[in-house]
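Note sheet for the following structure.
The values are calculated or read from the model by the stated rules, or taken from the named source; none is laboratory data. Fair warning: this is a prediction, and the values are worked out from it, not measured in the lab. Positions of Cβ are generated from backbone atoms using ideal geometry, with glycine treated the same way; all protein chains shown enter the neighbour counts.
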Amino acid sequence: MKAIVIPKHGGPEVLHYTEIPQPKPGPAEVLVRVRACALNHLDLWVRRGMPNIHFNLPLVPGSDIAGEVAAAGEPANRVRVGEKVVLAPGVSCGECEACSAGNDNQCRKYTLFGYGLNGGCAEYVVAPEANVLPMPPGLTFEEAASVPLVFLTAWHMLLTRAQLKPGEDVLVLGAGSGIGSAAIQIAKLIGARVIATAGSAAKLAKARELGADDVIDHSTQKIADEVRRLTSRRGVDVVFEHVGVATWEQSIMSLATGGRLVTCGATTGAAAQLDLRYLFARQLSLLGSFMGSRGELFTVLKLIGEKKLRPVVDRVFPLAEARLAHEYLEGRAQFGKVVLKVVD
Ligand SMILES: [Zn+2]
């Protein structure tokens, strides 16, 4: 089968479009014919390599997968061949204390497609049956692939970790990112007031279309100053962080007394500084978040099916052009998701 393979870590040029053997589903596993695979910043980190993390190379990248069931290994009884499906991106043991409590993203064996096992940048992928979920109706494969990772992550960050409430003010950084476009919608659905940031007028207009009440152009305005102005100097209850060093100080300064900052990433660097006096004097909470539970993904998919949340697809590339897609994502010109389409 055709696939994108990472044979060694490096720049976009290491992505290799090639033929590899089609995988076979084992017991309780499903063979999925991939139709679309959305990119995430995680794909860039996996391709580049990360300190203290070992990847089994060569690896097929791609965590966000939509397609059709091609075959199921016995005993896999829940899916039927031809069914349109999306894959829960996280794979866990299913048996430990965390998994049993429904916190599968805290499982010590938790990993992702395109991370600890081969992902969706290929014509076929093998998945545990538990990860194979019905695709919400009324979506293209490209739209469906754009849902799981960012909506699940944003849901877990805002609702489970930061406990966002109706009427609260939330600052969403990076409205043009996949995760930002998901966070704006979830926060609005909950009834919060959303202040979103982006780096161009065109992106700010799109953020407003998604429901942002107020917007800040971080290329020309100081985020914390604007937040103070928009909140009558109070600051926001919740900051939705994923940018890292470039915005960290502004994010902290944007919080109201008693505010919560929740973060799932550091795309501009991880070595952020923090004045501890500010942390305790203002009684701030810093919350780390990674992915979300499979139970939360069911909720997200239901809301997508009801059109209360909608995936934002920026641009679709053929699988063979994965390198161009990575370069495009690294250039930060997108608004929403960058998706690879697996062409027949
Ligand atoms: Zn487990």
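Of the residues 262, 316, only one is within 20 Å of the chain's Cα centre (by Cα), β-branched (Val, Ile, Thr) and over 30 Å from residue 107 (Cα atoms); which?
Working: 262 fails: over 30 Å from residue 107 (Cα atoms).
Testing whether each residue is within 20 Å of the chain's Cα centre (by Cα), β-branched (Val, Ile, Thr) and over 30 Å from residue 107 (Cα atoms) leaves just 316.
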Review point. Residue 127 fails exactly one of the following numbered conditions: (1) small (Gly, Ala, Ser); (2) more than 16 Å from the ligand (Cβ to nearest atom); (3) in contact with a helix residue (DSSP H, G or I) (Cβ under 8 Å, 6 or more places away or on another chain). What is the number of that condition?
Key: (3)
Review point. From the residues in the stretch 57-69 that are touching a helix residue (DSSP H, G or I) at 6+ places or on another chain (Cβ under 8 Å) and among the hydrophobic types (A, V, I, L, M, F, W, C), which one is surrounded by the most Cβ atoms within 10 Å (Cβ to Cβ)?
Key: 65
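Residues 81, 69: which one is closer than 25 Å to residue 151 by Cβ, touching a residue at least 12 places away in the same chain (Cβ under 8 Å) and touching a strand residue (DSSP E or B) at 6+ places or on another chain (Cβ under 9 Å)?
Details: 81 fails: closer than 25 Å to residue 151 by Cβ.
That would be 69, the only listed residue that is closer than 25 Å to residue 151 by Cβ, touching a residue at least 12 places away in the same chain (Cβ under 8 Å) and touching a strand residue (DSSP E or B) at 6+ places or on another chain (Cβ under 9 Å).
Would you be able to tell me the number of residues in the stretch 292-326 that are in a loop (DSSP other than H, G, I, E, B) and in contact with a helix residue (DSSP H, G or I) (Cβ under 9 Å, 6 or more places away or on another chain)?
Of the stretch 292-326, the ones in a loop (DSSP other than H, G, I, E, B) are 292-293, 306-312.
Checking which are in contact with a helix residue (DSSP H, G or I) (Cβ under 9 Å, 6 or more places away or on another chain) leaves us with 292-293, 308-312.
Within the stretch 292-326, residues that are in a loop (DSSP other than H, G, I, E, B) and in contact with a helix residue (DSSP H, G or I) (Cβ under 9 Å, 6 or more places away or on another chain) number 7.
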Practice item. Pull up the stretch 82-111, narrow it to residues that are among the aliphatic types (A, V, I, L, M) and either touching a helix residue (DSSP H, G or I) at 6+ places or on another chain (Cβ under 7 Å) or at pLDDT below 95 (or both), then point me to the one that is nearest to the ligand (Cβ to nearest atom). Key: 98
Exercise for review: Look through the stretch 70-95, keep the residues that are surrounded by fewer than 21 Cβ atoms within 10 Å (Cβ to Cβ) and in contact with a Lys or Arg (Cβ under 7 Å, 6 or more places away or on another chain), and return whichever of them is farthest from residue 128 (Cα to Cα).
Suggested key: 70
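Scan 133, 158 and give me the residue that is at pLDDT 95 or above and either outside any strand (DSSP E or B) or within 16 Å of the ligand (Cβ to nearest atom) (or both).
Details: 133 fails: either outside any strand (DSSP E or B) or within 16 Å of the ligand (Cβ to nearest atom) (or both).
Checking each option against the conditions leaves just 158.
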